[in-house]
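The values are calculated or read from the model by the stated rules, or taken from the named source; none is laboratory data. All values reported here derive from a predicted model rather than from experimental measurement. Cβ placement follows ideal geometry from the backbone for every residue including glycine, while neighbour counts extend to all protein chains displayed. We work out accessible area using only protein heavy atoms, side chains counted, and drop any ligands, DNA or RNA first. Shrake-Rupley method; radii C 1.70, N 1.55, O 1.52, S 1.80 Å.
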Amino acid sequence: MSTYEKPNIVLIDHFQSSKYGLPQETSMNFREKIEGHDMKELTEKYGSPLFVFSEKKIREKYDDTTSKIRDVYPDVQFAWSYKTNYLKSICSIFHDMGSWAEVVSDFEYQKARNLGIKGENIIYNGPYKPIASLRVAVKEQALIHIDHLQEIIDLESVAKELGMTPQVAIRLNMNTGTYPQWSRFGFNLESGQAEQAIRRIMNKKLFKLRGLHTHIGTFMLEPKAYEAAAVKLTTFMLEIEAQYKIEIEYLDLGGGFPSKSDLKGVYQPPEIVVKDTTEYARLIGPAILNNIGTRKPPKLIFESGRHFIDEAGYLLTTVVSSKIMPDTRRSYILDAGVNFLYTSTWYNFTLEVNQQLKGIPEPAILNGPLCMNIDIIEEDLKIPHLKTGTQMVLSPVGAYNVTQWMQFIRYRPAVVLLTKDKKVEIIRNMEDLSSVEKDEVLYGGETGIS
Ligand SMILES: *Cc1c(COP(=O)(O)O)cnc(C)c1O
């Protein structure tokens, strides 16, 4: 005979009045379209979930930022950070607007070359550059940004072997008054390590020192950090030029400008904490120009990633079901989870739904479709009840998600671009079994071990 336990009845206290009175009805942000395109039609055609990028937004943000920086400095160049989003169509929009490529691996380097970018317009960064890829970069006269001493040694041997002169900059790390200091990459300025690296490069005379580079961090909310970095780079440049009687062609301030996203743990919303580009520009320009006297201003390079693309990306997802958890929260299951939203670890997204929903807010958690306890998109929501089938759009998601996404449990979704002439173009197909198994080999032949 079976035995049963008595059910446990729990009081759901969020419908009770508190000292503030009864809970008030709230509504969710409502949205049916993105730039005039109906979200339901998009997912009917391309599947749910679906990444959607707006070419208009990319171009507007790029024009806005570059013009604000050009207002304060005469010679500016941007290099698109491939790792932020290296879909071909996205990269080619940035190249079309005049961006060079900034890459951190041999594979990204090759992607840039395949898009027609010449070596001389590729900045090759990163802490691991295999010898074979250094050879290619030297031959093609790419701008190699040296990260550490071993790389100087490797590059010296490549230079001798090929009888060619590598075009280089060195990456520096320094105290810019922000915490944590990104000291893992490049040569430290304050300790004298950077000076030693320069001494070796100048004494060996095997490289052409073209620039000085730093990338102080990502999502940098404090414009003063760039001012500090610009002053330090400029001062160091002038010292090197005086000592070795050379002219350095460019200073590279890296990326790190924030997007309007909501970093977890930051108390105020992004509309308040994320300052406009003019705030950065008006500190960076003078930090260099006021320090160089009559010298010609060096070219100023930026490698912005997140700032340009984050707000141009949306993820359309569908509520596939829901259930009540023992702690009385309602768990909604979405068809997209942390497999496609790596950045959900650090950022809260803006949520909008395609139904006019009004009701008493209930504690809710948004889960993805994975068979994993960690598959949580948002865990501390108070929202009216969402019906199964409701479509939800999460934003901004344009930076880092379509490079760091994983093929885990589910196929990665399609990516579409809403073009500037109002068309919808597919820029990455949804995966299928053949794309997932393409590189697998079945041990034992076509039918396996028999
Ligand atoms: C990742 C990276 C960037 C882009 O950083 P964002 O914070 O996305 O602007 C630029 N330069 C280097 C060296 C990087 O590693």
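For this structure, a couple of remarks:
- Given R0 = 35 Å, the distance between the Cβ atoms of D38 and K438 translates into a calculated FRET efficiency of 0.55.
- Convex hull volume per residue in cubic angstrom - Cα atoms of the stretch 170-320: 148 Å³
- Using the Cβ-Cβ distance between Q356 and D75 with R0 set to 60 Å, the FRET efficiency from 1/(1 + (r/R0)^6) comes to roughly 0.70.
- Value of [θ]222 nm, deg cm²/dmol, for the chain, DSSP H segments ≥ 4, -39500 (n - 2.57) each, nearest 500: -8500 deg cm²/dmol
- Magnitude of the charge dipole for the stretch 123-172, about its Cα centre and with charges confined to Cβ atoms of Lys, Arg (+1) and Asp, Glu (-1), is about 80 debye.
- Accessible surface of the chain, 1.4 Å probe, proportion on carbon and sulfur as whole %: 51 percent
- Rough spin-label spacing in nm, given labels placed 7 Å along Cα→Cβ, for R295 and R184: 3.2 nm
- Gaussian network model of the chain, Cα within-10 Å springs - most flexible of P286, P180, P361: P180
- The Rg/Rh ratio of the stretch 183-222, with Rg taken over Cα atoms and Rh as the Kirkwood radius over Cα pairs, comes to 1.07.
- Once divided by 2.2 N^0.38 Å, the Cα radius of gyration of the chain becomes 1.15.
- The stretch 55-310: C-alpha pair distances exceeding 34 Å, %: 13 percent
- Evaluated over the Cα positions of the stretch 253-315, the convex hull gives a direction-averaged projected area, one quarter of its surface, of 5.6 nm².
- DSSP loop trypsin sites (Lys or Arg not before Pro) with at most 10 other Cβ within 10 Å: longest gap in the chain: 20-183
- Low-density loop cleavage sites - GluC sites (Glu not before Pro) in the stretch 90-195, where at most 13 other Cβ are within 10 Å (DSSP): E190
- Calculated on the Cα set of the stretch 394-450, radius of gyration then Dmax: 16.6, 56 Å.
- Cβ-derived FRET efficiency at R0 56 Å, T345 paired with E239, nearest 0.05: 0.85
- Taking amide H as placed 1.01 Å from N in the peptide plane, the amide H of I376 sits under 5 Å from that of V338, G368, each at least 5 places away or on another chain.
- Segment Q268-E195, extension gain: residue separation times 0.36 nm, minus the distance between their alpha carbons: 22.2 nm
- Sequentially through the stretch 210-227, phi angles give Karplus couplings (6.51, -1.76, 1.60; θ = phi - 60°) of 9, x, 10, 10, 8, 9, 7, x, 10, 6, 8, 7, 10, x, 4, 5, 6, 4 Hz, Gly and Pro residues having no value and appearing as x.
- Computed lengthening from I409 to K422, 0.36 nm per intervening residue step minus Cα-Cα distance: 1.3 nm
- For the chain, the solvent-accessible area with a 1.4 angstrom probe is 49 square angstrom per residue.
- Over the stretch 323-450, volume per residue of the alpha carbon convex hull, in Å³: 171 Å³
- Of K129/K438; K68/K118; K129/K204; K208/K232, pairs whose Cα-Cα distance is over 24 Å: K129/K438; K68/K118
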